[in-house]
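See below for the structure under consideration.
Derivation of every value follows stated rules applied to the coordinates shown; laboratory data play no part. For clarity, every value in this text was computed on a predicted model and none was experimentally measured. FYI the Cβ positions are ideal-geometry reconstructions off the backbone, even for glycines, and counts take in every protein chain you see.
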Amino acid sequence: MVKKIFGQCYIWLILILMYLPILVLIAFSFTKSVNVGVWKGFSFDLYSDLFRSKEILTALANTLIIAITSALVATILGTLGAIGAFYSSKKFRRAYEFVNQIPVVNAEIVMALSLAIMFAALPSLIFHTDLRSYWTLLIGHVVLGAPFVYINVKPKLQQMDPSLYEAAIDLGAKPRQALWKVTLPEILPGVFSGFLLAITLSLDDFVISQFTTGPGLLSAGDPKIVTLSILIQDKIKKGPIPPAMRALTTVIFLLVVLGVVGITVFRHYKSKKAALASKANRKRRRAY
Amino acid sequence: MSKENCIISLQGVNKVFDGTTVVDNFNLDITKGEFVTFLGPSGCGKTTTLRMIAGFETPTSGKILLNGEDITKIPPHKRPINTVFQRYALFPHLDVYDNVAFGLKLKKIPCEKKGKPAFRHLTAKEIDEKVAHALEIVDLDEFEDRDISTLSGGQQQRVAIARAIVNEPEILLLDEPLGALDLKMRKDMQIELKEMHKKLGITFIYVTHDQEEALTMSDTIVVMKSGEIQQVGTPIDIYNEPVNAFVADFIGESNIYNATMAGKLKVRFLNHVFDCIDDFPVNEKVDVVVRPEDVILTVVKEPSKDKVTGKIVTKVFKGVHYEYLVQVGKAEVECRDTKDRNVGDLVTVEVEPENIQIMKKDVTNNIYTEAWINNKNQVVIGEDPFDCDVTKLLKDSTLSEDGYLIGPDGKKYDLNDADVIAEIGLDKIEMIDGFDNGDTNGEIVSVVYKGDHYQVMVRTDDEEDFILDTPYTWNEGDQVSIKVLPQDIKLMLKGDIAKYEVE
């Protein structure tokens, strides 16, 4: 009995430690005060400030664009890399895996600094100028995400029955068709989770962004693209955290919660659907 | 076999993996419409041969001809050959219909476009019809929309077959397709496959290690061992006239004895001279095969002088018949009989001359099929223990201090009483004058001069024969000891090592 109570307490303690700061932040997003802790009556002012602040909205858009594009590129590169390495000789595969492992365990600052030096040094040799732009930021985030995509795709390839690919070839598929029609659908869950991980990594990355950012797409006049993490960092340097950030954090948190709940419900629904042999497949057939 | 009827021909095909020859000089012509089975124990190269026909492996040397055309280097997707895989290899993300239609959707057929020859895909209607027909053949008409994961093993098997035959291949390859099914399902599928073969008229090449499956279904059986063809023939030929002890042992139950030709059409085994119908030179060492159902037992009161007499030691009721084990001296005779007899009965053992199959003995090696490992990890041949290296039974294994075999993966095996086949080269046996100087002793029963050396046969007290090559002259009747170094005894485990695993 005591043990049970202790166990319950432990779980609640951990949950409180994890979620209390967020809950406090959410609560104080509904009051217009400069500092957290001072309640100045309930209002949606911070939210209206948020959606009126061009600065924050631009940073948000920049962050999302970078996250999605870099995750897409990282997913393509990581997946192709995993497939290529998987079907290569053992020697090559080991070498590839070793090289892939380094960025994963390496300190981010090392990678950020190396990229920054590369973007400064290489173009200055050719154009006699330091080159940093949206593209360098994108490259930085792709380098960040691709190894994680590889790590997510690899186990799916290993789990796959190797005769599936052979069966496709045997039935007349060219190697590329077999890869597209059989291997890819099989490893798709791994590709998808790799993509999500790459997005997450990119969304809250600060170190690499700070070192690789340059003039961007949305804020053409600015000297550099400002992502959310860069923006917040800038604001903190000069004074208190802008109150509107509390509203933004709340919005992001709620969106994430919504996403997680959505995926869980979808999975539940899908497994239920699979249990009943579905008739819906008939329509899908011709489109294949 | 006439040339124009031959659909596929393997000519001197070799396959070497990392220095190991897996398929050795394989020559075979297969007639159109035949049901051919590659039969052999695991690791005999049968699957590799099949994979070379499918195109997944390229022969190290040799040629494969399809309808007279060399296809050795043609990739699998361009061969009119389809495969049914061991574990089905159905595409889990597609339903039954899409699995079966996979090959059809990729296929292009010749057509005419504005008077010029061109290629086009099959229309949805054509595909629908072909898929429906294929599913009908495998009795899965109503299953088109089902997900693969909702099917039973037997149904998945049928989908795999439908997926292959829907492409109307010239040859259908089946790689142990029934291995994952339970016994009853397997029996049903055997009959169905055979009927399908008749209906479709496609050439089937079937790979299995199950001799009963091979006998039931095949027109021709190819028995393989260590990458080499042992015998090619109809099931009846292979069963009744095996060419060597391996084939006889592998196909069906059999009594195999070392025998010597005692005269014209006379052969001596079980310490008795039997009449036979195979003509071999007198005094030649041969193997004799007698099928259990060909042994005639007669209950007698006392041992007969001019017939082999033995005692029934075990009796097993098998439904239609009884299975008896008769002890004759130190040898055992397995028999099948419908008559009820009792354990302990004295019986005479007779065999009709035409039921004694005599095979030329392979004298490149001494092979002992009845050997076993004792608790000191020695191999027992006849009744004599020989020191041997049991770690050779499992690659990269070691022996623990308490006598267990430790595999490379850390698994522990207790080999006590394990049945093995022991092989000793003719040049690996040392003969020493006098008794008790070696592992065992015996009497020289024959000395044959072979040009530059003598081939000597030593028979031990327990009737095991050791044949050895020696440069020196010895006399028949000499009492000698023989000695074999542990590393010169080659061992082969009967059955899988997994059954000797201990916790």
Once amide hydrogens are built 1.01 Å from N within the peptide plane, the residues lying 5 or more places from B:A418 or on another chain with amide H under 5 Å from its amide H are B:I373
Restricting to Cα pairs under 8 Å and 6 or more apart, the percent relative contact order of segment B:365-502 works out to 29
Computed from every Cα-Cα pair in segment B:365-502, P(r) in 10 Å bins starting at 0 and rounded to whole percents is 12, 41, 27, 15, 5, 0
What helix-only [θ] at 222 nm does the protein assembly as shown give? Using -39500 (n - 2.57) per DSSP H run of at least 4, over all residues, to the nearest 500, the answer is -12500 deg cm²/dmol
Dividing the mean separation of Cα pairs under 8 Å (6+ apart) by the residue count of chain B yields a relative contact order in percent of 10
The ³J(HN,Hα) series, computed from each phi in segment B:52-66 with the Karplus coefficients 6.51, -1.76 and 1.60 at θ = phi - 60°, rounded to the nearest Hz and given as x for glycine or proline, is 6, 5, 6, x, 6, 10, 9, x, 5, 8, x, 10, 10, 10, 10
Residues meeting the amide H criterion for B:L140 (H placed from the backbone, H to H distance under 5 Å, 5 or more places apart or on another chain) are none
Counting only DSSP loop positions in segment B:257-289, the chymotrypsin sites (Phe, Trp or Tyr not before Pro) whose Cβ has at most 12 other Cβ atoms within 10 Å are none
Taking every other residue with Cβ under 13 Å from the Cβ of B:D496 and scoring Lys and Arg +1, Asp and Glu -1, one gets +1
Per chain B, sqrt(5λ) over the Cα gyration tensor eigenvalues, sorted largest first, in Å, gives 50, 26, 24
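When Cβ neighbours within 10 Å are restricted to other protein chains, what is their mean count per residue of peptide B:143-153?
On the way: counts 1, 3, 8, 3, 7, 0, 3, 5, 1, 0, 0.
Mean number of neighbouring Cβ atoms from other chains: 3.
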Counting lysine pairs in segment B:25-124 that sit 8 or more positions apart or on different chains, with Cα atoms under 16 Å apart, gives 5
Total charge of the residues flanking B:N416 in space, meaning their Cβ is under 15 Å from its Cβ, with Lys and Arg +1 and Asp and Glu -1, is -1
Highest mean packing first, using Cβ neighbours within 10 angstrom, the peptides B:147-157, B:43-53 sort as B:43-53, B:147-157
Per residue of B:79-87, other chain Cβ atoms within 10 Å number on average 3
Packing-ranked peptide list from B:315-327, A:192-204, highest mean Cβ count within 10 angstrom first, is A:192-204, B:315-327
From the Cα centre of segment B:335-376 to that of segment B:120-139, the distance in Å is 54
Ranked output for segments B:207-215, A:53-61 by mean other Cβ atoms within 10 Å, highest leading, reads B:207-215, A:53-61
Volume per residue (Å³) of the convex hull spanned by the alpha carbons of chain A is 252
For the protein assembly as shown, the Debye formula with one identical point scatterer on each Cα and no solvent gives log10 I(q)/I(0) at q = 0.07, 0.11 Å⁻¹ as -0.79, -1.30
The helix B:153-165 Cα axis meets the longest alpha-carbon principal axis of chain B at an angle in degrees, between 0 and 90 and rounded to 10, of 60
Partner lysines whose C-alpha sits under 30 Å from that of B:K315, ignoring same-chain residues fewer than 8 away, are B:K184, B:K187, B:K301, B:K305, B:K307, B:K330, B:K339, B:K494, B:K499
The ³J(HN,Hα) series, computed from each phi in segment B:344-357 with the Karplus coefficients 6.51, -1.76 and 1.60 at θ = phi - 60°, rounded to the nearest Hz and given as x for glycine or proline, is x, 4, 8, 9, 9, 10, 10, 9, 5, x, 6, 8, 9, 9
Karplus-derived 3J(HN,Hα) from phi for segment B:117-131 (6.51 cos²θ - 1.76 cosθ + 1.60, θ = phi - 60°), whole Hz, x at Gly and Pro, runs x, 8, 10, 9, 6, 6, 7, 4, 5, 4, 5, 3, 5, 5, 5
Label model pair B:H272, B:E323: point-to-point distance (7 angstrom along the Cα→beta-carbon line) in nm is 2.3
Residue ranges of DSSP H helices in chain A that stretch 24 Å or more (Cα, own long axis) and have mean Kyte-Doolittle hydropathy of at least 0.0 are A:2-28, A:54-86, A:108-126, A:134-159, A:184-203, A:244-275
Restricting to Cα pairs under 8 Å and 6 or more apart, the percent relative contact order of segment A:54-230 works out to 38
Counting Lys and Arg as +1 and Asp and Glu as -1 over every other residue whose Cβ sits under 13 Å from the Cβ of B:T58, the net charge comes to +3
Expressed in angstrom and rounded, the centroid-to-centroid distance over alpha carbons for segment B:243-293 and segment B:227-241 is 17
Reduced to Cα centres, the span from segment B:435-503 to segment B:48-105 in Å works out to 47
Rounded to a whole number, the mean other protein chain Cβ count within 10 angstrom for residues of B:70-78 is 3
Cα extents of segment B:253-360 per principal axis, largest first, Å, are 40, 28, 20
